[in-house]
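The values are calculated or read from the model by the stated rules, or taken from the named source; none is laboratory data. Note that the coordinates shown come from a computational prediction; the quantities given were computed from them, not determined experimentally. Reconstructed Cβ throughout: ideal geometry from the backbone, glycine too, with neighbour counts over all protein chains shown.
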Amino acid sequence: MKVLISGDRGYIGAVLAPLFLQAGHEVVGLDAGWYDGCDFGPYRLDYESRTGDIRYQTPEDLRGFDAVVHLAAISNDPIGHLNPETTFSVNAHGAAHLAEVARTAGVGRFLFSSSCSLYGAAGDAAVTEESATNPVTPYGESKILAEQLIAKLADESFSPAYLRNATAYGASPRLRTDIVVNNLCAGAQRSGEVRLASDGTAWRPLVHIEDISRAFLAVLEADREVMHDQAFNIGRDEDVMQVRAIAEAVAARYDAPVTFAAGAGADTRDYRVSFAKASEQLPAFRPQWTVPLGIEQLAGQMAAYGVEIERFTRLHQIQRLTDGGRLDELLRWR
Ligand SMILES: NC(=O)c1ccc[n+]([C@@H]2O[C@H](COP(=O)([O-])OP(=O)(O)OC[C@H]3O[C@@H](n4cnc5c(N)ncnc54)[C@H](O)[C@@H]3O)[C@@H](O)[C@H]2O)c1
């Protein structure tokens, strides 16, 4: 298939796009380029990647594609807090706009990168795709609104799907150190301690970015009845962990102590998730990574390439671009 991947130069996209190429699909990227130059190790683009904003795409831009994989977003809680209006402009209305122009252009499938963050503060039971949502951040709220707006466009020739990814981890040429496993590894690598900002009691589902990429591939290639207008939680039941247990796994790899930041309290983002639906309905999706393997991968590459935490922290890079007057308050290039 000919697939447009938005956000292809981001953390997940930089791993997902090569996997789609390997699987034999034709890939074109579309990215605003906010993180261009923030590379971790060698990074080569072996396909066309357009520089542009999802909010300004037209049906002409989307003509000829069979599918869109929509990753582009303000993609974590801290940047989402910076300016909630901007988060909604990109993550909800921008996503719906891209879906709308894709449908007008005759694109058949639209795979939206949603997030388990929309479950927010979920209590003790593992949430399924049918559970109530309870987001605790503008980021989580924006993902719910996006799903709702995109779902209105579903019809017999336009099939959206919503992949609610767990918290990602793992190495990428566009590494991020602002997500829990990567953050704890980067801290251990640099300071020799595994420092928790919270008390570590919150539950968090985790998934390696290569497995997220495999899930998108499975949904792209699934029968239409399986994926049409469907949400799938993407992760592994075995990797729903308490943050404290993640810290202990990193500490074991680095032989480093676990320490707590002054005043570390509970994290309100606390949810356990069931991944049974994807496991049952997407037989082509079989996660291959485990958290200890991912920690090993990160430790190896961080030792080889070095890790500057600021360079791989999204909030820091966005603030650098806005403070320097290069992006406006809605994160559009000036
Ligand atoms: N990383 C995670 O833990 C995680 C978990 C669940 C869901 N997700 C979702 O997966 C998707 C990809 O996440 P990521 O971690 O790769 O994010 P990322 O921030 O690393 O990459 C996002 C990319 O999108 C681009 N982008 C942002 N706004 C754009 C716009 N308006 N037009 C064009 N390009 C734009 C950025 O330049 C960047 O390269 C996001 O939708 C995110 O919400 C991520």
**Asked** So PHE88 fits all but one of (1) out of contact with any Pro (no Cβ under 8 Å at 6 or more places or on another chain); (2) closer than 26 Å to PHE312 by Cβ; (3) surrounded by 15 or more Cβ atoms within 10 Å (Cβ to Cβ); what number is the exception?
**Response** (1)
**Asked** When only residues in segment 165-195 that are within 22 Å of ASP31 (Cβ to Cβ) and charged (D, E, K, R) count, which is farthest from the ligand (Cβ to nearest atom)?
**Response** ASP178
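To keep it simple, each residue is scored yes or no on (1) at pLDDT 95 or above; (2) β-branched (Val, Ile, Thr); (3) surrounded by fewer than 21 Cβ atoms within 10 Å (Cβ to Cβ).
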site: ALA14; (1), (2), (3): yes, no, no
site: HIS25; (1), (2), (3): yes, no, yes
site: PHE40; (1), (2), (3): yes, no, no
site: GLN57; (1), (2), (3): yes, no, no
site: ASP77; (1), (2), (3): no, no, yes
site: HIS93; (1), (2), (3): yes, no, yes
**Request:** Starting from segment 279-303, take each residue that is basic (Lys, Arg) and list its partners that are assigned to a helix (DSSP H, G or I), counting only C-beta distances under 9 angstrom and pairs at least six apart or across chains.
**Result:** ARG286/ASP211; ARG286/ARG214; ARG286/ALA218; ARG286/SER279
**Answer from GLY41, GLY29, GLY24 - the residue that is free of Cβ contacts under 8 Å to residues at least 12 places away in the same chain and not basic (Lys, Arg)** = GLY24
**Request:** Evaluate segment 17-29: report whether one residue or more is aliphatic (A, V, I, L, M), farther than 28 Å from VAL181 by Cβ and within 14 Å of the ligand (Cβ to nearest atom).
**Result:** yes
**Any hit, segment 56-63, residues being touching a strand residue (DSSP E or B) at 6+ places or on another chain (Cβ under 6 Å) and more than 8 Å from the ligand (Cβ to nearest atom)** = no
**Request:** Count, please, the residues in segment 105-121 that happen to be away from the ligand (no atom under 15 Å from the Cβ) and touching an Asp or Glu at 6+ places or on another chain (Cβ under 8 Å).
**Result:** 5
**For VAL136: the one exception among (1) without any contact (Cβ under 8 Å) to a residue 60 or more places away in the chain; (2) crowded, with 16+ Cβ neighbours inside 10 Å; (3) assigned to a loop (DSSP other than H, G, I, E, B)** = (1)
**Request:** Give, as residue ranges, the helices (runs of 4 or more DSSP H) completely inside segment 259-331 that count at least 2 residues that are modelled with pLDDT of 95 or more and over 30 Å from GLU129 (Cβ atoms).
**Result:** 291-305
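Residue-by-condition table, conditions (1) surrounded by fewer than 22 Cβ atoms within 10 Å (Cβ to Cβ); (2) among the hydrophobic types (A, V, I, L, M, F, W, C); (3) under 25 Å from SER6 (Cα atoms):
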site	(1), (2), (3)
LEU98	no, yes, yes
ALA126	yes, yes, no
LEU149	yes, yes, yes
PRO160	no, no, yes
GLN189	yes, no, no
**Prompt:** Which residues, taken from segment 143-158, are within 23 Å of the chain's Cα centre (by Cα) and among the acidic types (Asp, Glu)?
**Reply:** GLU147
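Only one residue in ALA73, ALA102 is within 12 Å of the ligand (Cβ to nearest atom) and surrounded by 23 or more Cβ atoms within 10 Å (Cβ to Cβ). Which one?
Exactly one of ALA73, ALA102 is within 12 Å of the ligand (Cβ to nearest atom) and surrounded by 23 or more Cβ atoms within 10 Å (Cβ to Cβ), namely ALA73.
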**Prompt:** Out of segment 286-296, which residues are more than 17 Å from the chain's Cα centre (by Cα) and surrounded by 17 or more Cβ atoms within 10 Å (Cβ to Cβ)?
**Reply:** ILE295
**Pair list, Cβ < 6 Å and 6+ apart or interchain, from segment 311-333 residues that are farther than 14 Å from SER89 by Cα to residues that are within 13 Å of the ligand (Cβ to nearest atom) and in a helix (DSSP H, G or I)** = ARG314/ILE79; LEU315/PRO78; LEU315/ILE79; ILE318/ILE79; LEU327/LEU321
**Request:** Considering each of ASP328, ASP267 in turn, give the residue that is within 16 Å of the ligand (Cβ to nearest atom) and touching a Ser or Thr at 6+ places or on another chain (Cβ under 7 Å).
**Result:** ASP267
